[in-house]
Every structure is written in structure tokens, then in C-alpha cells.
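Structure first, then comments.
The values are calculated or read from the model by the stated rules, or taken from the named source; none is laboratory data. The structure presented is a predicted model; accordingly, all values stated were derived computationally and were not measured. When we count neighbours, we look across all protein chains shown, and the Cβ atoms used for this are built from the backbone with ideal geometry, even at glycine.
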Amino acid sequence: MQHDSGTIIVGAGPSGLAMAACLKRADVPFELIERAEHVGSAWRSHYERLHLHTVKKHSNLPYFSFPAGVEKYPSRQDVVDYLDAYMRHFDIEPRLGEEVISIRRDNGAWQTTTTRRAYTSQRVVIATGYNRRPVIPTWPGEESFQGAIIHSAEYRNGEPYRGKRVLVVGIGNTGGEIAIDLCEYGAAPVHISVRGPINVIPRDYLGTPAQVSGIMLSKLPRAVRYPLSKAIARVATGDLSRYGIRWPEFGPIESVERFGRVALIDIGTIDLIKRGEITVVPGIKRFTERGVAFMDGATHEYDAVILATGYKPRIEDFLQDAHDVTDEAGYPVPPAGESKWPGLYFLGFVNPPTGLLRQIAIDAQRIAAEIAYTATRSHAHA
């Protein structure tokens, strides 16, 4: 059966819910489609100790705040509860358990086919996020490795690794926090593989959250904020080369704005490295039967390897001719707003130093205003 809808929103995470709330306030009809059985499914499956690295005050979605009792840096469960409350507050009724199979243009309209039905709409907002599919690299010899290899998407807590030798691959925010969790649960030794240079900034420096610093710096011209953020990061963290961590050429704000490379927001990983509880090792060359051989020639034995190697948006899985509206890495262009195809919007694919949820809130309101304007014009000319 074919269903007509003014706007289709794909994905009921923070971006999709924010978009739905903004369109509802603007009296623009929409359908919100989510493949999982709950909203915010990615947040429900994240590792247990995860907290936002952005402060509650600057992490609210449009028109509805986190409850007063939530801590400064909301936990994973706090975010899940907030998204559930957000849905109820705006009386959003997503179509759960319905996966989008294909989206294509057809005679000036959009045809969206799901596992349950087909939709025709004037607009589609893709809000599936940049972490839709895990990136799982491979190395020679891993088929002979006798230990476990999992992606961080499967990691919940360190209990299964108590007393075990564990290698974490990647020192992004996920890898850094999982390494802490493993230490707290008694895994030993804990090694973390770092291939290249990385920016590191404390979550709080001199009493100021990194996000708040990012917001203040965002008001400055690039010629000022780029070198200033680099200088602050270097002073705040110090020289880490003796521990196997090298600084990149560019500072944290320039790296994320120009290349999409997010800094490690440090919540204790660096202290554990300095204390010797976490050891930095170089990139992997190959797996052995009992462990891993590294690029520097060293070999270590492990019981488990956890791949904190990131995610990809994989929009091409369901959007026909996606290469026309994505960059070489598969990220949408623009990451928030209307694409070069009229009526196709993206939301939630940018993670700026000022905070992901904060940016989603800003972009959702802007996109909703644009959609409401075009919907009003189309009705006036109908």
C-alpha cells in the first residue's frame, strides 16, 4: 500500500526526535521511521559506563530540557530516559520496527520503501547518524588468533575481561573510555594500539568544560581559534611522546573542522597511561596464534582484542545514487541541511567542538523552519 506524507524522517535517535518535535510545533505533517523497537536504539546498546562529554546545559534537544536531577555529564541511561521522555512530551508516534530499504527520487517526489510499506513524500530527512555501521578492519593472521576479537559496538562492560590480557585498538573517545573500564574491572595488562598522532584535551581544564571552551572559541575567527585551541591543548595535557602519543600538526578545533578528526576528550585515560596501568603500543602488523605482532617488531600475547575503530554512516545502503550527495568517505554533503537534491535533508552528521546534541538542536530548528516555509509555499500554489 502506498502512503502519502509531507515529510519522511528516517531514524528515531536524537536527530530524528528533534526533527519530529520541530516539525510538530510547525504543524508540518511527517512520518518518523525507526528500524529498532525503541527510540534512541544506539544509546541503549552503548557500553554501560558511557557518559556525555558535553554538559547537560548545552545538550538539550529543542524545547525540552534534561531533568534537574541529572548530573552535569549525563550517563548513557540518563540519555535513554531523556529520549523516551522527549518522545512522550511531544506525543511523537514513530513507526518502530520498520526498516527503510530504499529511498529514491521519482518525478519530483521521494519514494521510500520500508519492510512494511511504501511512502511518497515531498521531503525526506535522513537522521540515521554517522555511527550506523561499525568499521571492522582486518589483519593478516587473525583467523589463527585463539582469543576473542570484538568491535566496541558489542562491548558492554569489563566483567568478562577480569584478569585477562586485553588490547584495545584505537584511542578515540570510545577506545579511551573502554580502556578505563577494563582497568576498573581488573583486566591486566591493558594495552591500547595507537597508529598515528592524536589531539588530547581534558574534559575539564581549570574548571571549564571542553565544550564550553569550544563554544567560546567558535565565536573567534579561524586565524585565532585554530592556534589558540592548539596552544591550550598542548599546555593542558603536556608532552606525551614518552608514553607513545604524538601530537598532530593541527590542533583539536582545526583537526575536527577541516578533517573531521575528533580529539580524545580525556576523562582519566592519560592518567592511567602515565601510571603504567594502560600501555600504549603502535599499530598492528599481524595477528599470531596467541597475540599480536606490532609495527615496531614487538609481539604481545592477548586473551581478547576490542576494536574501537569507529563507524560509518553507510547511507548508500538505502539511498539510491548516494554518491551524488556524499563525500569520498561516505558522509553527507552538507552534514546538516538540504542536499543538492531538492527535498532531501540530512541532520546529525557533524560532531563539532561545541557539542553534537547542541548542534542537532540548532540544525533541527533551522531545517524545520525551511521545510515549513517550503510547505507553506507549495500549499499556496496548489
Options Ser255, Ser241: the member that is over 21 Å from Ala148 (Cα atoms) and surrounded by fewer than 17 Cβ atoms within 10 Å (Cβ to Cβ) | Ser241
Residues of segment 56-68 that turn out to be of a type in the set (Gly, Ala, Ser) and surrounded by fewer than 18 Cβ atoms within 10 Å (Cβ to Cβ), as a count | 2
Pairs only if they're at least six apart or on different chains, beta carbon under 8 angstrom, first in segment 283-309 and part of a loop (DSSP other than H, G, I, E, B), second crowded, with 17+ Cβ neighbours inside 10 Å and among the aromatic types (Phe, Trp, Tyr); list them, first residue then second.
-> Gly283/Phe294; Thr288/Phe145; Glu289/Phe145; Arg290/Phe145; Arg290/Tyr302; Asp303/Tyr161
Qualifying residue in segment 321-335 (condition: outside any helix (DSSP H, G or I), in contact with a helix residue (DSSP H, G or I) (Cβ under 7 Å, 6 or more places away or on another chain) and in contact (Cβ under 8 Å) with a residue 24 or more places away in the chain) = yes
Among the residues of segment 285-299, is any among the charged types (D, E, K, R), touching a Ser or Thr at 6+ places or on another chain (Cβ under 9 Å) and either within 29 Å of Pro74 (Cβ to Cβ) or modelled with pLDDT under 95 (or both)?
-> no
A careful count of residues in segment 261-274 that are out of contact with any strand residue (DSSP E or B) (no Cβ under 7 Å at 6 or more places or on another chain) and not in a helix (DSSP H, G or I) gives 4
When the residues of segment 234-253 are filtered to those that are of a type in the set (D, E, K, R) and out of contact with any Pro (no Cβ under 6 Å at 6 or more places or on another chain), which remaining residue is nearest to Gln211 (Cα to Cα)?
-> Arg234
Does at least one position in segment 283-292 carry a residue that is closer than 29 Å to Gly330 by Cβ and among the small types (Gly, Ala, Ser)?
-> yes
Could you pull out the residue among Glu71, Glu37, Glu93 that is surrounded by fewer than 15 Cβ atoms within 10 Å (Cβ to Cβ), assigned to a loop (DSSP other than H, G, I, E, B) and touching a helix residue (DSSP H, G or I) at 6+ places or on another chain (Cβ under 8 Å)?
-> Glu71
Filter result (closer than 14 Å to Glu257 by Cα, of a type in the set (A, V, I, L, M, F, W, C) and in a loop (DSSP other than H, G, I, E, B)) within segment 347-364 | Phe349, Val350
Exception for Val280 within (1) in contact with a His (Cβ under 7 Å, 6 or more places away or on another chain); (2) more than 13 Å from Pro352 (Cα to Cα); (3) among the hydrophobic types (A, V, I, L, M, F, W, C) falls at (1)
Within segment 52-100, the count of residues that are touching a residue at least 40 places away in the same chain (Cβ under 8 Å) and among the small types (Gly, Ala, Ser) comes to 2
Is it true that Ser45 is touching a residue at least 24 places away in the same chain (Cβ under 8 Å) and under 20 Å from Phe346 (Cβ atoms)?
-> no
